[in-house]
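The block underneath contains the structure these notes are about, expressed in structure tokens.
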Amino acid sequence: MTSRPDPAECFVYITLPGTTEPVTAARFEITTDRTGAPLGRLVYGKSYLERSDAVPFDPVELKLTSRIYETILMKGVFGALRDACPDSWGRRVIERHLGQAVLSELDYLLNSPDDRAGALSFGLTQKPPGPKRRFNQTIALAKLQAIADAIVDDEELPDDPEVTQAGELLLEGTSMGGARPKAVVEDEEGLWIAKFNRSDDKWNHARIEHAMLALAQACGLTTAESKVVSVGARDVLLVKRFDRANTDAGYRRARMVSALTLLRAEDSAQRRDRWSYILLVEELRRVSSEPKKDAMELFRRICFNALISNTDDHPRNQAIIAKGRDWKLSPAYDLVPMPQVSLERRDLAMICGDQGRFANARNLLSQSARFLVPDDDARAIVDAMKDRVKGTWYKTARTAGVSERDCERIAGAFAYPGFDLEQIQPVDG
Ligand SMILES: Nc1ncnc2c1ncn2[C@@H]1O[C@H](COP(=O)(O)OP(=O)(O)O)[C@@H](O)[C@H]1O
Ligand SMILES: [Mg+2]
């Protein structure tokens, strides 16, 4: 293991709306406050602020001003920057790549490749480094999957130049967040997030997630586009990136921030007091260019999550994007059913009504006005979606290639009895 000095500061670049090359926008440093805790500081560059086409990194915290922004949340990394950083999967790949188990937050920012979510990138030079146009092609999926398997199993990668090169390839495509093994790949249609099944998965994740996106669309939700490809004997889910648009000049990049950033929340489940759809819809109504449409869409998503027992609907699984200057709710992604033992009470990850996180129709309806959905409409949405999920999940799953056995395994996730319970359930934190 080599020891490397911790970088303490970096430049932040942004690819502006309508363009395909990054420009320098800000300086970011992590230092410590008086108690020794990490303190992040960000300042936009003067020349960036002078540009007429400059846009802020996010719509809530880092406004376009010359002030010095400071944060002690999330180890000193501002939400908009943290959203461009890999989560557990990408971090693991970077650690393997650098041969170090403990890395600083800036290490992760600087060592993640440039296919990260959103329009930001990071570097140590004032001028953005030259463009790298190399993306993994879908043809490399088999190799990428084999490397992902080795990393999941914590196996040594064979000391073979081809594998080392493929290891680099995986690194080249892992800066997306999330915990599942994944890589970014390109085909003639554009960029996709390839999500790999794990050998210890209880079911065929790729096909089930694909089916849930289809079911969500059938329920009127706007979702990411997806397809399943078979690589050898295994299925891989490809989710089309909605934050990139292919043009002759290269890729345009939309800014993207998670609900965690919008809520100014922390990401550990122990500190989830601000994980709330009610707070989120208030923020969304303030920042969205289509507040009414987005608020109603969010209401539908909560309802859908409750009806498929998607209890992993944490604030990193919701985002807003800006292709131009305006922000709006991103398409839905990472929709996964979680069959659970309890028939009476299941909780979403975020507060969704007067009874906290309870995935229950009455609870959702208790706050529907905040989503700008009139009472009668809200009731009608809930009832229609319940009928649709109940009546069509199986057929949708089978059409998406989910096996009969897997359908049996996930059957308990859909329209569970507690969704309709009328009596008050105890509220949890
Ligand atoms: N279609 C997409 N386009 C752009 N970014 C996406 C898309 N889907 C997911 N992301 C981003 O990638 C991250 C990881 O994807 P996700 O599907 O949530 O993976 P995981 O199942 O590992 O959590 C998300 O948190 C989000 O920031
Ligand atoms: Mg996720």
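The values are calculated or read from the model by the stated rules, or taken from the named source; none is laboratory data. Note that the coordinates shown come from a computational prediction; the quantities given were computed from them, not determined experimentally. Every residue, glycine among them, receives a Cβ derived from its backbone with ideal geometry; neighbour counts consider all protein chains shown. For the accessible areas, the whole protein counts, side chains as well, though only heavy atoms, and no ligand, DNA or RNA atoms are used. Shrake-Rupley method; radii C 1.70, N 1.55, O 1.52, S 1.80 Å.
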Worksheet item: Which residues' amide hydrogens lie under 5 Å from the amide hydrogen of E61, considering only partners 5 or more residues apart or on another chain, with H built in the peptide plane?
Response: none
Discussion item. How much length would be gained if the chain were fully extended between D354 and R27, taking 0.36 nm per residue of separation minus their Cα-Cα distance, in nm to one decimal?
Written reply: 113.5 nm
Worksheet item: Dividing the Cα convex hull volume of segment 292-386 by residue count, how many Å³ per residue is that?
Response: 96 Å³
Item to complete: Would you mind calculating the gained length between K127 and E188 on full extension (0.36 nm times residue separation, minus the Cα-Cα distance), in nm to one decimal?
Response: 18.9 nm
Practice prompt. Please report the relative contact order for the chain, taking Cα pairs under 8 Å with a sequence separation of at least 6, and give it as a percent rounded to a whole number.
Written response: 14 percent
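Could you give the length gained on full extension between D375 and R67, defined as 0.36 nm per residue of separation minus the Cα-Cα distance, in nm? Write out the running numbers ahead of the final one.
Values: separation 308, 0.36 × 308 = 110.88 nm, distance 4.39 nm.
That pair, D375 and R67, stretches by 106.5 nm at full extension.
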Worksheet item: How would you classify segment 65-120 from its alpha-carbon gyration tensor, with a ≥ b ≥ c the square roots of the eigenvalues: rounded for a/c under 1.5, else prolate if a/b is greater than b/c, otherwise oblate?
Response: prolate
Worksheet item: Under a point spin-label approximation (7 Å from Cα along Cα-to-Cβ), what is the R271-V152 distance to one decimal in nm?
Response: 3.1 nm
Practice prompt. Could you order S47, S366 so the one with the most accessible surface comes first? Probe is 1.4 Å.
Written response: S47, S366
Worksheet item: Measuring with a 1.4 Å probe in the full set of protein chains, what accessible area per residue, in whole Å², belongs to the chain?
Response: 44 Å²
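Semi-axes, largest first, in whole Å: what does sqrt of 5 times each Cα gyration tensor eigenvalue give for the chain? Please list the in-between numbers first.
Values: eigenvalues 237, 152, 81 Å².
Working from the Cα gyration tensor, I get semi-axes of 34, 28, 20 Å.
Given axes a ≥ b ≥ c from the Cα gyration tensor, I'd like to know whether segment 294-338 is rounded (a/c under 1.5), prolate (a/b larger than b/c) or oblate.
Prolate, since a/c reaches 1.5 and a/b exceeds b/c.
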Worksheet entry | 222 nm mean residue ellipticity, helices alone, for the chain (DSSP H n ≥ 4; -39,500 (n - 2.57); rounded to 500) | -9500 deg cm²/dmol
Discussion item. Return the equivalent ellipsoid semi-axes of segment 231-373 as a descending list in whole Å, where each equals the square root of 5 times an eigenvalue of the C-alpha gyration tensor.
Written reply: 27, 21, 13
Discussion item. Ignoring solvent entirely, what values of log10 I(q)/I(0) come out of the Debye formula for segment 23-130 at 0.20 Å⁻¹ when each Cα is a single scatterer?
Written reply: -1.16
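Please report, in whole Å³, the volume per residue of the convex hull around the C-alpha atoms of segment 28-85.
85 Å³
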Discussion item. Testing the spin-label approximation: label points 7 Å from Cα along Cα→Cβ at K75 and S52. State their distance in nm.
Written reply: 4.2 nm
Discussion item. Going by average Cβ density within 10 Å per residue, which order do the peptides 21-27, 322-328, 398-404 take, highest to lowest?
Written reply: 21-27, 322-328, 398-404
Fill in: When each of K195/K390; K182/K240; K240/K395 is checked by Cα-Cα distance, pairs over 21 Å
K195/K390; K240/K395
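What FRET efficiency comes out for the pair R398/R34, r = Cβ-Cβ distance, R0 = 60 Å, nearest 0.05? Intermediate results must be reported in sequence, preceding the final value.
Values: r = 60 Å, r/R0 = 1.01.
Taking R0 as 60 Å, the efficiency between R398 and R34 is 0.50.
Can you send over the carbon and sulfur percentage of the accessible area for the chain, probe radius 1.4 Å, protein chains only?
Answer for the chain is 51 percent, counting heavy atoms of protein chains only.
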Fill in: Residue list for segment 18-50, given a label point 7 angstrom along the Cα-to-Cβ vector of Q100 and an amide N cut-off under 16 Å
30-31
Item to complete: Taking the Cβ of L62 as the centre, find all other residues whose Cβ is under 14 Å away and add up their charges (Lys, Arg: +1; Asp, Glu: -1).
Response: +3
Discussion item. Let me check I've understood the local charge: for L73, count other residues with C-beta under 15 angstrom from its C-beta, Lys and Arg +1, Asp and Glu -1. What total comes out?
Written reply: -1
Worksheet, complete the sentence: Once amide hydrogens are built 1.01 Å from N within the peptide plane, the residues lying 5 or more places from S330 or on another chain with amide H under 5 Å from its amide H are A319, I320, I321
Worksheet item: Ranked from highest to lowest mean number of other Cβ atoms within 10 Å per residue, what is the order of the peptides 284-291, 243-250, 103-110?
Response: 103-110, 284-291, 243-250
